[in-house]
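Scroll down for the structure; my scribbles are underneath it.
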Amino acid sequence: MRIDILTVVPELLESPFQHSIIKRAIEKKLVEVHIHNIRDYSLDKHRKTDDYAFSGDAGMVMTIQPIETLINKLKKERNYDTIIYTSPDGQRLDQNKCNNLSTLTNIMILCGHYKGVDQRVRDYLITEEISIGDYVLSGGELAAAIISDSIIRLIPGVLSDETSALFDSFQDNLLAPPVYTRPADYKGMKVPEILLSGNQKAIDNWKLEQSIERTKQLRPDLLK
Ligand code: ADE
């Protein structure tokens, strides 16, 4: 998989790809992540990437020119399965959407910023809009990092135990069961007996019961 992220604040996207699981996925060449600075494609003499809204609204709007130039350059180099624009108006990201995105080969993500982007970008240049939740961020970079992280970890081979993503919360519309590690008794706070029993079938049944119980209590909407 290859992910190209288009942003006016590339610095915001440095750290998320330099640690832990995602870093190893890149090192193992299971995914390539390329960050592009939209400003580098501006034909404006001050490398401007935004301008005043024609409607007179307060706040700057991202201009179409540098975005269109960059998107077209990338599209000439390879076919993109999707060109995502991060926006609070978009389709809400959920596990099902992550699963679908994780099967794609080339993904482009355009990070929104300021008061938004010229509507012609949304009408003509992107293929879908994704929101990470019903709240407004100051820019789309963190949303792009979240979208990327949530799909990279699903690529086969990225997690050491390939099956473990299958048992994530939400994969069966159920939250994951609680987990424990040593010591079995910490200051009187004990690990459930069943987990120490060595009876894997009983443990699996317990995990499923716990998942259902947790989901009922914390996210009953998932069971509908
Ligand atoms: N940009 C600003 N807010 C956002 C959100 N909730 N999701 C995706 N992109 C955004």
First in segment 96-122 and without any contact (Cβ under 8 Å) to a residue 60 or more places away in the chain and within 18 Å of Val158 (Cα to Cα), second anywhere and in a helix (DSSP H, G or I) and of a type outside the set (A, V, I, L, M), Cβ under 7 Å, 6 or more apart: Cys98/Ser150
Condition check for Asn79: surrounded by fewer than 18 Cβ atoms within 10 Å (Cβ to Cβ) and either more than 12 Å from the ligand (Cβ to nearest atom) or modelled with pLDDT of 95 or more (or both): yes
Condition met for Thr215 (over 29 Å from Asp4 (Cβ atoms), crowded, with 16+ Cβ neighbours inside 10 Å and not assigned by TED's automatic domain parsing to the domain that holds Thr103): yes
Qualifying residue in segment 91-110 (condition: surrounded by fewer than 18 Cβ atoms within 10 Å (Cβ to Cβ), on the phi > 0 side of the Ramachandran plot and not in a strand (DSSP E or B)): no
Residues within segment 188-208 that are surrounded by 12 or more Cβ atoms within 10 Å (Cβ to Cβ) and within 20 Å of Asp168 (Cβ to Cβ), tallied: 6
Listing of strands (runs of 3 or more DSSP E) fully contained in segment 1-90 that carry 1 or more residues being touching a residue at least 24 places away in the same chain (Cβ under 8 Å) and over 17 Å from Ser138 (Cβ atoms): 2-7, 32-37
Qualifying residues in segment 121-147 (those that are over 16 Å from Pro66 (Cβ atoms) and surrounded by fewer than 16 Cβ atoms within 10 Å (Cβ to Cβ)) - the one farthest from the ligand (Cβ to nearest atom): Asp123
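Every residue in segment 140-156 that is more than 14 Å from the chain's Cα centre (by Cα) and modelled with pLDDT of 95 or more, please.
none
May I ask you to say which residue of Asp134, Asp149 is in contact (Cβ under 8 Å) with a residue 12 or more places away in the chain, on the phi < 0 side of the Ramachandran plot and not in a loop (DSSP other than H, G, I, E, B)?
After applying the criteria, what remains is Asp149.
To keep it simple, each residue is scored yes or no on (1) in a helix (DSSP H, G or I); (2) polar (S, T, N, Q).
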site	(1), (2)
Glu129	no, no
Tyr180	no, no
Lys207	yes, no
Ser211	yes, yes
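The values are calculated or read from the model by the stated rules, or taken from the named source; none is laboratory data. Note that the structure is a prediction, hence the values are computed from the model and not measured. We place every Cβ from the backbone using ideal geometry, glycine too, and count neighbours over all the protein chains shown.
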